[in-house]
1. Name the residue that is modelled with the lowest pLDDT, counting only residues in the stretch 47-74 that are outside any loop (DSSP other than H, G, I, E, B) and surrounded by 10 or more Cβ atoms within 10 Å (Cβ to Cβ).
2. Could you grab me the full set of residues in the stretch 30-44 that are surrounded by 13 or more Cβ atoms within 10 Å (Cβ to Cβ), outside any loop (DSSP other than H, G, I, E, B) and not aromatic (Phe, Trp, Tyr)?
3. Can you list residue pairs whose Cβ atoms sit under 8 Å apart, with the first residue in the stretch 68-79 being free of Cβ contacts under 8 Å to residues at least 12 places away in the same chain and the second being hydrophobic (A, V, I, L, M, F, W, C) and surrounded by 10 or more Cβ atoms within 10 Å (Cβ to Cβ)? Count only pairs 6 or more apart in sequence or on different chains.
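The values are calculated or read from the model by the stated rules, or taken from the named source; none is laboratory data. Everything numeric in this text was worked out from a predicted model, so none of it was measured. Backbone-built Cβ (ideal geometry, glycine too); neighbour counts: all protein chains shown.
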Amino acid sequence: MPDAPDPETLPTAAEMLPRHLPGPVAERLIEARAAVDLRYADVPPWGTVGQPREPRSQVWFKTNGKLTDDPLLRVCLATYVST
């Protein structure tokens, strides 16, 4: 596993989005992802629009609530977060 900072030391995506995107766009994305706490270890893809960058991101994520033990639900959540 690659080195990455502790997630608690990183700003949340909800804290970062308004710095990079227009107000209504940031608000809509924050609302759409409210169930998940996303934290980028480096600059998020939407933070470098129009600039070349490596095709990878390091992201910590966790739910903002409890999940059941259903493996299908967990796979669906991982798919949702990665899109």
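1. GLY47
2. Filtering the stretch 30-44 down to residues surrounded by 13 or more Cβ atoms within 10 Å (Cβ to Cβ) leaves 30, 33, 36-44.
Checking which are outside any loop (DSSP other than H, G, I, E, B) leaves us with 30, 36-40.
Those that are surrounded by 13 or more Cβ atoms within 10 Å (Cβ to Cβ), outside any loop (DSSP other than H, G, I, E, B) and not aromatic (Phe, Trp, Tyr): ILE30, VAL36, ASP37, LEU38, ARG39.
3. Correct list of pairs: LEU73/LEU67; ARG74/LEU67.
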